[in-house]
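Worksheet: one structure, shown below.
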Amino acid sequence: MRAPVFWQAPPPGQHHRWPQRCAMLLWPLSLLMRLLVRLRQGLYLSGVLKRHSAPVVMVVVGNVVAGGGGKTPTVIALVEHLRARGLKPGVISRGYGRSKSADGEDCREVRPDSPVDQVGDEPMLIQRRTGVPVFIARRRIDAARALLAAHPEVNILVSDDGLQHLALARDIEICVFDDRGLGNGLLLPAGPLREPWPRYVDLVLHTGQQPAFTGHAARRALANSAVDARGRSVALDSLPSPLVAVAGTAQPQAFFDMLRARGLSLAHAEALPDHAGIPEYAHWHAALKQAHAAGPVTVLCTEKDAAKLWTICPEALAVPLVFELPPAFVGEFDRLLHDAFAAHLSSAYTH
């Protein structure tokens with residue numbers, strides 16, 4: 001689903017155009033949303049609703065803006081950093097967009113051979129990129145418990161999304177933003193915000209090219225080579241034309257812009273819905289073959305798309321994202337991590 005135009009910040013001097021009028025019509029509903037969010041937060045803070053804690057340090061990476069904002073690349077980068085420090089991380093997720101498994105089981109481990117439509121594209125990408133244990137469940141605490149039972153060596157968990165999942169207790173909260181910033185600053189459905197901002201988080205990370213406000217800024221760029229379904233690399237500057245790109249992400253235009261910035265000339269760029277299903281990729285691929293029946297084309301996609309696209313188009317090339325956390329962010333994160341481990345150790349002694 002594409003974000004409505006009126007969720008965007010209004011251009012200077014254009015506050016009365018129709019997009020802003022649409023937002024104002026929905027403004028009463030956003031006030032109701034604010035009330036419900038505050039009520040729910042109060043119930044958890046007062047203890048009326050129970051929060052569940054994992055026996056290891058829990059890091060939650062999320063956002064307050066509906067849609068993707070760079071959470072998954074941040075999770076992957078954090079996992080790689082934790083492993084470099086000698087820790088044993090695991091990842092939990094809800095697995096948004098997945099279907100039920102054949103046996104109807106909700107909580108399961110993501111394996112390299114797991115059907116992507118049953119585990120979700122983002123958990124599959126995290127597992128393939130990092131190799132760490134990844135579990136999914138509707139209730140993230142169930143995923144955490146199952147992961148720790150199956151992999152007792154894990155001593156820290158990272159939750160992909162879940163900033164608003166208050167039933168899960170956490171030690172460190174990281175909120176990510178892309179170039180959309182806060183949009184028009186209103187809550188759903190009048191704006192993109194899931195909850196009022198500002199709110200307390202431990203760290204703010206901007207994953208876009210133009211940070212909207214104070215916070216750390218990550219560096220992101222495309223790799224120099226694309227990879228096929230067999231893991232073989234192909235240099236971007238040697239790709240045969242015509243080039244066709246497809247992206248089923250929250251911000252597909254960002255991927256297309258990055259390809260063009262690398263000097264690639266795209267004959268066509270197709271934006272599919274975020275978390276698009278395999279049938280949607282199959283329908284697009286059938287139309288592509290019909291349109292280019294005279295000769296072959298080179299299909300480019302994101303790593304997130306690849307898990308689904310390769311099932312019907314194994315010749316497609318995925319272009320990896322190079323994502324670097326800024327040193328100042330890493331320094332603050334390590335200090336928070338030290339305090340979190342100290343608190344868990346102290347709690348273990350007192351109990």
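The values are calculated or read from the model by the stated rules, or taken from the named source; none is laboratory data. On a predicted model such as this, the values are computed, not experimentally measured, just so you know. As a convention, Cβ positions derive from the backbone with ideal geometry for all residues, glycine included, and neighbour counts pool all protein chains shown.
Looking at (1) modelled with pLDDT of 95 or more; (2) under 19 Å from the mean Cα position of the chain (by Cα); (3) hydroxyl-bearing (Ser, Thr, Tyr), can you tell me which one SER225 breaks?
With (1) modelled with pLDDT of 95 or more; (2) under 19 Å from the mean Cα position of the chain (by Cα); (3) hydroxyl-bearing (Ser, Thr, Tyr) applied to SER225, the lone miss is (2).
Give the residue, chosen from GLY191, GLY208, that is of a type outside the set (S, T, N, Q), surrounded by 21 or more Cβ atoms within 10 Å (Cβ to Cβ) and either assigned to a loop (DSSP other than H, G, I, E, B) or without any contact (Cβ under 8 Å) to a residue 60 or more places away in the chain (or both).
Details: GLY208 fails: surrounded by 21 or more Cβ atoms within 10 Å (Cβ to Cβ).
Sole residue among the options that is of a type outside the set (S, T, N, Q), surrounded by 21 or more Cβ atoms within 10 Å (Cβ to Cβ) and either assigned to a loop (DSSP other than H, G, I, E, B) or without any contact (Cβ under 8 Å) to a residue 60 or more places away in the chain (or both): GLY191.
Within the stretch 297-326, count every residue that is assigned to a loop (DSSP other than H, G, I, E, B), surrounded by fewer than 16 Cβ atoms within 10 Å (Cβ to Cβ) and touching a residue at least 60 places away in the same chain (Cβ under 8 Å).
Qualifying residue count, the stretch 297-326: 4.
Taking the options PRO123, PRO112, name whichever one is of a type outside the set (A, V, I, L, M) and over 17 Å from the mean Cα position of the chain (by Cα).
Exactly one residue qualifies, and that residue is PRO112.
Write out, first by first residue and then by second, each pair whose Cβ atoms fall under 9 Å of each other, whose residues are 6+ apart or on separate chains, and whose first residue, in the stretch 327-351, is within 11 Å of ILE172 (Cβ to Cβ) and assigned by TED's automatic domain parsing to the domain that holds VAL79 while the second is assigned to a helix (DSSP H, G or I) and modelled with pLDDT under 95.
That search, which allows pairs on different chains as well, returns nothing.
Filter the stretch 68-95 for residues that are out of contact with any Ser or Thr (no Cβ under 6 Å at 6 or more places or on another chain) and farther than 22 Å from VAL322 by Cβ and give the result.
GLY86, LEU87, LYS88, GLY90, SER93, ARG94, GLY95
Output the number of the condition that GLY97 fails; it satisfies all remaining conditions of (1) assigned to a helix (DSSP H, G or I); (2) within 20 Å of HIS165 (Cα to Cα); (3) not aliphatic (A, V, I, L, M).
Condition not satisfied by GLY97: (1).
Any residue in the stretch 37-56 that is at pLDDT 95 or above, surrounded by fewer than 11 Cβ atoms within 10 Å (Cβ to Cβ) and not in a loop (DSSP other than H, G, I, E, B)?
yes
Any chance the stretch 46-65 includes a residue that's aliphatic (A, V, I, L, M), farther than 26 Å from VAL154 by Cβ and in the same structural domain as VAL176 (by TED's automatic domain parsing)? Before you say what the answer is, go through the steps one by one.
Within the stretch 46-65, the subset aliphatic (A, V, I, L, M) is 48-49, 54, 56-61, 64-65.
Filter once more, so that each one left must be farther than 26 Å from VAL154 by Cβ: 48-49, 64-65.
Okay, now just the ones that are also in the same structural domain as VAL176 (by TED's automatic domain parsing), so 64-65.
For the stretch 46-65, residues aliphatic (A, V, I, L, M), farther than 26 Å from VAL154 by Cβ and in the same structural domain as VAL176 (by TED's automatic domain parsing): present.
What number of residues within the stretch 183-215 satisfy the criterion of being over 21 Å from LEU39 (Cα atoms), at pLDDT 90 or above and under 17 Å from the mean Cα position of the chain (by Cα)?
5
Consider GLU122 against the criteria (1) in a loop (DSSP other than H, G, I, E, B); (2) in contact (Cβ under 8 Å) with a residue 60 or more places away in the chain: it satisfies all of them except one. Which criterion is unmet?
Against the list (1) in a loop (DSSP other than H, G, I, E, B); (2) in contact (Cβ under 8 Å) with a residue 60 or more places away in the chain, GLU122 comes up short only on (1).
Looking at GLU153 and the list (1) in a loop (DSSP other than H, G, I, E, B); (2) under 19 Å from the mean Cα position of the chain (by Cα); (3) charged (D, E, K, R), which single condition is not satisfied?
The failed condition is (2).
Mind checking whether some residue in the stretch 66-86 is over 16 Å from the mean Cα position of the chain (by Cα), at pLDDT 95 or above, assigned by TED's automatic domain parsing to the domain that holds ASP142 and farther than 24 Å from THR207 by Cα?
yes
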